[in-house]
Amino acid sequence: MNLPVPEIVFLSGSLGEESKTNRVASWCALQCGSRVNTTLFTGSDLEFPFYRPQASGAPQATHRYLSALERADGVVIVSPTYHGTTSGLLKNALDYINELAQAPQPYLDGRAFGCVSVGLGEQGAASTLYTLRTIGHALRGWPTPMGVALSNSRTSMDEQGAPADEQARVQLKVMLQQVLSLARLNARRRAAVAPRSAGHPEPAPTGGAR
C-alpha cells in the first residue's frame, strides 16, 4: 500500500544574516529525510505587511505561505528570543493564519506543532518556548510533548551546520520524530477523507440554528 507523503512546513523568525535560528530550522528540515516533503520559510520569506484581517491586495508571498500551511500535516516553528518572547516578524506571520479560518482544516487544526526557541539566556528561551506552545494551542495545533529551548552554548553550530551540543541534537531529533509521527497520521486521514468528499459532497444542512 502506498502511504501518503506527509508535508512539513518549517518557519524561522529571524532576519539576521548569520542567524542561528535560520540555521537550526534548515538543519531540522534536512533531518526529515526523503520520504517527507518539506518547505522552509526563513525570516526573509516572512517579511509581510502588518496583518489586517480580510485585507485586499495581500502580497503573493503570503498566498504561497498560506497555501503551504493549508497543505501541511505538521509545522515546526523556530523563533529567536527577543526580550523574553517571539520576534515580531514571526508573530505577524502567525497572525496571517487567521486567513485559514474557513479552510477544510481551519487554522492549524490537526497538525503536529513542533516548537524551538533560540536565545542568549535560559529564562528568555524558556518563556519564548512557552509562548510558542500557547500559540500552537490557540491555532488548534498539537504541540509535541518535546519542545526545545536552546540557550547559551546550546545554540552553537558546527562546521557542517548541525547543533554542536549533543543534547541539543538529541532533543531536536526527538521533537522532529514526534512531529513526523503525528504528521503521518494526519496525512493518512486527509487522504482517506479526500476521495469521499470529492465523490460524495456533504448534504446541505436542514433546520437547526442560523
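Values quoted throughout were computed directly from the atomic coordinates according to the rules given, and no laboratory measurement underlies them. Model, not experiment: these values are computed from the prediction. As a convention, Cβ positions derive from the backbone with ideal geometry for all residues, glycine included, and neighbour counts pool all protein chains shown.
With Cα Rg over 2.2 N^0.38 Å in mind, check [x] 1.33; [y] 1.06; [z] 0.97 and report the label derived from this structure.
[y]
Averaging sequence separations of C-alpha pairs under 8 Å and six or more residues apart, then dividing by the length of the chain, give the relative contact order as a whole percent.
22 percent
Among the DSSP beta bridges whose two residues both lie in the chain, what percent are antiparallel, rounded to the nearest 5? Please report the intermediate quantities before stating the final value.
Working: 2 of 25 bridges.
Close to 10 percent.
For Ala192 and Ser56, what is the calculated FRET efficiency with R₀ set at 45 Å and r taken between the beta-carbons, to the nearest 0.05? Display every interim value, and only then the final one.
Numbers: r = 36 Å, r/R0 = 0.80.
Efficiency at R0 = 45 Å is approximately 0.80.
Could you list which residues have their amide H under 5 Å from that of Tyr82, counting only those 5 or more apart in sequence or on another chain, with H placed in the peptide plane?
Hits under the 5 Å cutoff: Ser87.
Does anything in segment 50-89 have its amide N under 20 Å from the 7 Å Cα→Cβ label point of Leu120, and if so which residues?
Answer for this model: 79-89.
Which residues' amide hydrogens lie under 5 Å from the amide hydrogen of Ala149, considering only partners 5 or more residues apart or on another chain, with H built in the peptide plane?
For Ala149, whose amide H was placed from the backbone, the distant partners under 5 Å are Ser117.
With a cap of 16 neighbouring Cβ atoms within 10 Å, and only residues DSSP puts in a loop, list the trypsin sites (Lys or Arg not before Pro) found in segment 128-169.
Values: sites: Arg133, Arg140, Arg154, Arg169; in loops: Arg140.
Of the trypsin sites (Lys or Arg not before Pro), the ones in loops of segment 128-169 whose Cβ has at most 16 other Cβ atoms within 10 Å are Arg140.
Whole-Hz Karplus ³J(HN,Hα) for segment 32-42, in order, using 6.51 cos²θ - 1.76 cosθ + 1.60 and θ = phi - 60°, x for Gly and Pro?
6, x, 7, 8, 9, 8, 10, 10, 10, 10, 8
If you filter segment 1-108 for GluC sites (Glu not before Pro), then keep DSSP loop positions with at most 13 other Cβ within 10 Å, what is left? Write out the running numbers ahead of the final one.
Values: sites: Glu7, Glu17, Glu18, Glu47, Glu70, Glu99; in loops: Glu17, Glu18, Glu47.
In loop regions of segment 1-108 (DSSP not H, G, I, E or B), the sparsely surrounded GluC sites (Glu not before Pro) are Glu17, Glu18, Glu47.
Test of the criteria: in segment 3-56, which trypsin sites (Lys or Arg not before Pro) are in a DSSP loop and have at most 11 other Cβ atoms within 10 angstrom of their Cβ?
Details: sites: Lys20, Arg23, Arg35; in loops: Arg35.
Of the trypsin sites (Lys or Arg not before Pro), the ones in loops of segment 3-56 whose Cβ has at most 11 other Cβ atoms within 10 Å are Arg35.
5 Å is the cut-off here: which amide hydrogens, built 1.01 Å from N in the peptide plane, fall below it relative to Gly141, excluding neighbours closer than 5 in sequence?
Leu108
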